[in-house]
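**Q** Just dropping this structure here.
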Amino acid sequence: MPVPGKYLLLVEDLSDDQELALLALGAACTPVPVEIVRDGEAALEFLLAAGRSSARERAALPVVVLLDLKLPKVDGLETLRRLRAERRTQSLPVVILSSSKSDLDLRESYRLGANSYVRKPVDFHEFRATLQFIGRYWVEVNESPPQGWKTPIPGTPPAR
Amino acid sequence: MNGSARDIASTDESASPPAPEEHAAQDRVSILIVDDYPEALLALQAMLEGVSRHLVLAHSGEEALRCVLREDFAVILLDVLMPGMDGFETATLLRRRERSRSTPIIFLTAANRAEEDVRRAYHLGAVDYIFKPVVPDILVSKVMVFVELARKTALVREQVARLQRSELDRSRLSAIVESCDDSIVGCDLEGIVQSWNAGAERIFGYPAHAMLDRPIAVLVPPDRPDDIAERIRALRRAEPRRTLEATRLTADGRRIEVSSSMSPIRDGSGALIGVSLVARDITEQKRAATALHDAMEAAERANRELEAFSYSVSHDLRAPLRAIAGFGQTLVENYGPRLDEKGVHYLERMCAASRRMGELIDDLLELSRLGRACLRSEVVDLSRIAAAIADELRRAAPDRTVEFAIAPDLTVRGDPGLLTCLLENLLRNAWKFTGRHPRARIEFGVERAAEGPVFFVRDDGAGFDMAYAEKLFAPFQRLHGEDEFEGTGIGLAIVQRIVHRHGGRVWAQGAPEQGAAFHFTLG
């Protein structure tokens, strides 16, 4: 049974990886609708313009964004930085889904406010299990923050 | 009077502080007074006290001769009439002595014997005579002449000695300047060359005659600011001096780099009259430094490119692999029933191959990372690490019978992460290649050698043919079929890289089915 209103946003440029992700998530016990965009610019357009455009006014944000790092146009880290700079997406859960093993990517992702960093396994069994696990966690287990809620900087007094 | 000669003044010549020339000479003026009558001695002493502070009294000719052995006198007052050795005898002997050969002697003689004595006295080389009883004024004025003479003589002697000394200093200094490899050039305040040493000729190519009285500025390339003139101006303004690097033009038009310092030359009154320029040719040094800098930049660039390459390998090579593995697996799962057994087998082979390629990529990246990672230097307990790895291996395969013999307390200085990786690879290798034997023994120990400790990991497993020992450490080289022993063939390449990064060496010994031993040092 699909969970109503809840969906994942996958930001992935490789059609192979898109399809594998759909295969993996589609085979889950609780299938989750997945929206796909091909690059960072499209992701920002989707997540930010959605709030301003009258056509898709106040469309719900995805429960989680699965963000690849190596993307055409606007790359993953830049996309993340811009999402964190916007009130609407400041606390939107973002999981980095990357092939990179580089320490620098890992550090930068967390510095810019990623919620999680997952390395794409080559082996399909693992890949499928990983994606299903992520989907299940963010859709069924995790409670999303209220939309548009501004994440306070830890240690500062609450805003009035 | 106790009958012995004694010094009235206790001035010790050698200990006297360096005084202005006049005083130094004056202090050295001594007068010897010889008379057998103590009363006469005392009287003479009293008369002459104002003339010299250093009066020596002798009561006999013999004593006088002894005094003359000890020191020089400006003048000797010698009584003619003395018992034993008389004045004339004494004078004769005095004249034979080197030290007193030309010391002025004034005879003291009784007036009634004047004619006879004076004749003899002059014959013996006396310079004057005084009649007894002595008239103080006459005595003082006569003695004074000789004292003055002695003073002047001492002064002249001193100045001659000083001149000789400074001449020696000068030639010593000029020998140093001439033999110096550095260029040492003296200039006046207009920058006109006054002196030019051999080092300057060697460095700049101009002989001294070509540069003397010419402006030093010819050494400054026309397209450069004249740092020498600027520094002479700075020196005149009493600004602090500093050594700087500058470009110079040589006689044959080459440009060279020098390290140059400038010092003031002052006259006796302290006025600045010129400058001394010391320069050292550092062209080669600079070239080497530049070459080193370039090489380091190139290495850094290569490293960055390698980093980018690794990143791209890691990311881009993996994506198609994931696709092959993913779609292959999906094909097996979703369409397996429609394929026959052989078809499924082929698909599974494809999936296994893609998994393996993933591992190869990971190992390759690991190898390249090892070459670049920063090396830490800590005390590392190799024995403890080996024991932990052995435990882990035993736990993973409890059915195997393998005896580990790990020497205790083997500690080294090195990078803990890399050394763990090193032991892990060697011990896992040993574990793997003893896998076909029902019982096995794996040993980690050390041998003491001239080059320092040589560590080893030895097993009694499959071993290898020494003919291929060289190939063992090359990446992806395998001496066994993959069906026989699994692995990517990168382990020993990693071992070698870690050992090399610690400045050590690694080598292997073995024989087929008789085990293998891997030896390594850590710098």
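**Q** Please list, in order, the residues from region B:426-455 whose amide nitrogen is less than 13 Å from a point placed 7 Å along the Cα→Cβ vector of B:A517.
**A** Residues B:443-449, B:454-455 qualify, since their backbone N sits under 13 Å from the label point.
**Q** Which of rounded, prolate, oblate describes region B:37-88, given a ≥ b ≥ c as roots of the alpha-carbon gyration tensor eigenvalues and a/c under 1.5 marking rounded, otherwise prolate only if a/b is larger than b/c? The partial results should precede the final answer.
**A** Details: a/c = 2.16, a/b = 1.23, b/c = 1.76.
Verdict is oblate for region B:37-88.
**Q** Apply the a/c threshold of 1.5 to the C-alpha gyration tensor of region A:8-140 and tell me whether it is rounded, prolate or oblate. Don't skip to the answer; put the middle values down first.
**A** Details: a/c = 1.66, a/b = 1.20, b/c = 1.38.
It is oblate, given that a/c is not under 1.5 and a/b is not larger than b/c.
**Q** Under 18 Å between C-alpha atoms is the cut-off here; go through the protein assembly as shown and count lysine pairs that meet it, provided they're at least eight residues apart or on different chains.
**A** Values: A:K70/A:K101; A:K70/A:K120; A:K101/A:K120; B:K132/B:K142; B:K142/B:K152.
Step by step, the pairs that qualify in the protein assembly as shown add up to 5.
**Q** When the Karplus curve 6.51 cos²θ - 1.76 cosθ + 1.60 is applied with θ = phi - 60°, which whole-Hz ³J(HN,Hα) does each residue of region B:425-435 get, with x for Gly and Pro?
**A** Those phi angles translate into 5, 5, 6, 5, 4, 4, 4, 5, 7, 9, x Hz.
**Q** Once the Cβ-Cβ distance between B:R255 and B:L292 is put in as r, and R0 is 22 Å, what FRET efficiency do you end up with, to the nearest 0.05? Display every interim value, and only then the final one.
**A** On the way: r = 20 Å, r/R0 = 0.93.
After rounding to 0.05, the efficiency reads 0.60.
**Q** Could you derive backbone 3J(HN,Hα) for region B:82-98 from the dihedral phi with the Karplus parameters 6.51, -1.76 and 1.60 (θ = phi - 60°), listing whole Hz in sequence and x where the residue is Gly or Pro?
**A** With coefficients 6.51, -1.76 and 1.60, one gets 9, x, x, 6, 8, x, 5, 4, 4, 4, 4, 5, 4, 5, 7, 7, 4 Hz.
**Q** Describe numerically, in nm with one decimal, the distance between label points set 7 Å from Cα along Cα→Cβ at B:Q477 and at B:V134.
**A** Rounded to a tenth, the inter-label distance reads 11.0 nm.
**Q** Compute log10 of I(q)/I(0) for chain B with the Debye formula, placing one identical point scatterer on every Cα and leaving out solvent, at q = 0.08, 0.10, 0.12, 0.13 Å⁻¹, to two decimals.
**A** These q points yield log10 I(q)/I(0) values of -0.80, -0.93, -1.06, -1.14.
**Q** Further question: Over the residues of region B:375-520, compute the C-alpha Rg and express it relative to 2.2 N^0.38 Å. Walk me through the intermediate numbers first.
**A** Working: Rg = 14.5 Å, N = 146, 2.2 N^0.38 = 14.6 Å.
The reported ratio for this selection is 0.99.
**Q** Further question: Could you give the longest part of chain B that holds none of the GluC sites (Glu not before Pro) found in DSSP loops with at most 15 neighbouring Cβ atoms within 10 Å? Don't jump to the answer; show the numbers that get you there.
**A** On the way: sites that count: B:E13, B:E49, B:E71, B:E98, B:E190, B:E451, B:E482, B:E484, B:E486, B:E513.
Answer - B:191-450.
**Q** For a bin width of 10 Å, list the pair-distance distribution of the protein assembly as shown built from all Cα-Cα distances, rounded to whole %.
**A** Computed distribution, short to long bins: 2, 10, 11, 9, 9, 9, 9, 8, 6, 5, 6, 6, 5, 3, 1, 0, 0.
**Q** Let me ask you something else. How many nm is it between the label spots at B:D188 and B:L42, if each spot is 7 Å from the Cα in line with the beta carbon?
**A** 7.0 nm
**Q** Label-point separation (nm) for B:R428 and B:R304, each offset 7 Å from Cα along Cα-to-Cβ?
**A** Taking the two extended label points, one gets 3.4 nm.
**Q** What are the extents of the Cα atoms of region B:344-426 along their three principal axes, listed from largest to smallest and rounded to whole Å?
**A** 53, 39, 13
**Q** Considering Cα pairs under 8 angstrom that are at least six residues apart, work out the relative contact order of chain B and quote it in whole percent. Don't skip to the end; give the middle numbers.
**A** Values: 786 pairs, mean separation 35.6, N = 523.
Relative contact order here is 7 percent.
**Q** Would you kindly compute the Cα radius of gyration of region B:71-114 and its largest Cα-Cα separation (Dmax), both in Å?
**A** 10.9, 33
**Q** If you don't mind, another one. Amide H to amide H, which residues 5 or more places from A:S102 or on other chains are under 5 Å from it, using H placed in the peptide plane?
**A** For A:S102, whose amide H was placed from the backbone, there are no distant partners under 5 Å.
**Q** Long-range amide H contacts for B:T434: which residues qualify at under 5 Å (H placed 1.01 Å from N, peptide plane, sequence gap of 5 or more or a different chain)?
**A** The list, which skips near neighbours in sequence, is B:A462.
**Q** Still on this structure: Please average, across the residues of B:326-334, the number of beta carbons from any other chain that are within 10 Å of each residue's own beta carbon, and give a whole number. Don't jump to the answer; show the numbers that get you there.
**A** Numbers: counts 14, 5, 1, 7, 7, 0, 1, 5, 2.
Mean shielding count: 5.
**Q** Here is a further query. B:V220's amide H: which non-local residues (gap 5+, or another chain) put their own amide H closer than 5 Å, with H modeled 1.01 Å from N in plane and none for Pro or chain starts?
**A** Amide H neighbours of B:V220: B:L249.
Computed from the coordinates by the stated procedures, all read-outs in this text should not be read as laboratory data. Please read all numbers here as calculations on a predicted model, not as lab measurements. Neighbour counts are summed over all protein chains in view; Cβ atoms, including those assigned to glycine, are modelled from backbone coordinates with ideal geometry.
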